[in-house]
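Since the structure comes first, as structure tokens, the remarks are kept for the end.
The values are calculated or read from the model by the stated rules, or taken from the named source; none is laboratory data. These numbers come from a predicted model, not from an experiment. Every residue, glycine among them, receives a Cβ derived from its backbone with ideal geometry; neighbour counts consider all protein chains shown.
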Amino acid sequence: MRPLFILNSRLELCASLVRKGVRIADIGTDHAYLPVWLVRAGIASFALACDIKAEPLKAGEQNIRKYHAENLVETRLCDGLRSVKSDEVDDIIIAGMGGETIVHILSDSPWIKDKNKSLILQPMSKHELVISYLYENGFELKEHKCTFADGKIYTAFSAFYTGNAKPCSELFSYTGLLTKGNENGLKFLASVINHLEKKSHSDPHFGEIAKEIKERFSL
Ligand SMILES: C[S@@+](CC[C@H](N)C(=O)[O-])C[C@H]1O[C@@H](n2cnc3c(N)ncnc32)[C@H](O)[C@@H]1O
């Protein structure tokens with residue numbers, strides 16, 4: 001059997017948030033590296049590799065065959081979670097998409113409001129929209145991590161449903177569970193501050209949030 005390939009550190013970050021022994025759905029799977037890797041590494045017992053487009057799914061299917069994961073990974077052409085049933089999966093991964101798209105996918109499938117499910121989310125932009133959506137809709141962050149890949153810093157978090165919807169402060173929506181002791185987390189926040197300071201030229205409010213983050217994290 002072909003040796004298991006090495007995930008890039010962004011996908012490795014997502015993999016590290018998946019619970020052991022669960023069935024996963026990877027929404028927007030593209031190349032299907034994550035579901036293939038998770039089942040072959042023995043972390044996931046089954047995976048649904050889903051994508052809205054047929055072309056990426058074809059690439060995913062090739063990788064599933066290449067790494068002999070046909071028995072454990074099923075592909076599905078679908079928009080978000082629309083064709084995934086609640087009793088098919090435990091952990092849901094949505095990685096490599098903008099925060100707005102992730103929020104759209106989450107809000108489109110109310111069945112994910114289930115205390116037994118875990119969401120693993122890796123927004124490429126506007127992570128603050130995802131975090132505020134989660135809290136305002138009864139979810140809580142469980143783990144929050146950051147990593148470097150190809151010279152860029154990325155963030156990913158896991159979340160679960162508590163049923164306790166609450167307002168999310170703007171500061172928390174940007175910083176989540178990151179702490180001063182988290183080296184990559186501080187680098188991620190430095191990039192967030194940089195981005196907010198650029199936006200403050202057109203709206204001074206972003207400069208105020210940047211200042212709050214700097215003060216809170218001594219950056
Ligand atoms: C940039 S790729 C990310 C691939 C992989 N998840 C990763 O993190 O490396 C985004 C993928 O999401 C798919 N996608 C975008 N919107 C989607 C949706 N609403 N439902 C399912 N897939 C979607 C795209 O077709 C594309 O293959």
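What number of residues within the stretch 82-100 are under 25 Å from ASN8 (Cα atoms) and within 11 Å of the ligand (Cβ to nearest atom)? The qualifying residues number 7. Of everything in the stretch 36-71 that is among the polar types (S, T, N, Q) and under 22 Å from the mean Cα position of the chain (by Cα), the residue that is farthest from the ligand (Cβ to nearest atom) is SER45.
Within the stretch 20-68, the set of residues being crowded, with 22+ Cβ neighbours inside 10 Å and not in a helix (DSSP H, G or I) comprises ILE24, ALA25, ASP26, ILE27, THR29, ALA32, ALA44, ALA47, LEU48, ALA49, CYS50, ASP51. Annotation note: of GLU183, GLU208, GLU212, the sole residue that is among the acidic types (Asp, Glu) and in contact (Cβ under 8 Å) with a residue 12 or more places away in the chain is GLU212. Would you call GLY163 over 19 Å from PHE188 (Cβ atoms) and among the small types (Gly, Ala, Ser)? Yes: the conditions hold for GLY163.
Between PHE157, PHE148, the distinction of being within 16 Å of the chain's Cα centre (by Cα) and either in the same structural domain as ALA190 (by TED's automatic domain parsing) or modelled with pLDDT under 95 (or both) belongs to PHE148 only. Residues in the stretch 92-101 that are more than 23 Å from PHE46 (Cβ to Cβ) and either at pLDDT below 95 or touching a strand residue (DSSP E or B) at 6+ places or on another chain (Cβ under 7 Å) (or both) were compared, and the one that is surrounded by the most Cβ atoms within 10 Å (Cβ to Cβ) is GLY99. Please indicate, with yes or no, whether at least one residue in the stretch 188-203 is assigned to a helix (DSSP H, G or I), touching a residue at least 24 places away in the same chain (Cβ under 8 Å) and more than 18 Å from VAL130 (Cα to Cα). Among the residues of the stretch 188-203, at least one is assigned to a helix (DSSP H, G or I), touching a residue at least 24 places away in the same chain (Cβ under 8 Å) and more than 18 Å from VAL130 (Cα to Cα), which makes the answer yes.
With respect to being touching a helix residue (DSSP H, G or I) at 6+ places or on another chain (Cβ under 9 Å) and under 27 Å from THR175 (Cβ atoms), LEU72 falls outside the description. Restricted to the stretch 94-163, the set of strands (runs of 3 or more DSSP E) holding at least 2 residues that are aliphatic (A, V, I, L, M) and over 21 Å from ASP79 (Cα atoms) comprises 139-149, 152-161.
Among the residues that make up the stretch 104-111, is at least one of them more than 13 Å from the ligand (Cβ to nearest atom) and under 19 Å from the mean Cα position of the chain (by Cα)? Within the stretch 104-111 (the criterion being more than 13 Å from the ligand (Cβ to nearest atom) and under 19 Å from the mean Cα position of the chain (by Cα)), the answer is yes, since at least one residue qualifies.
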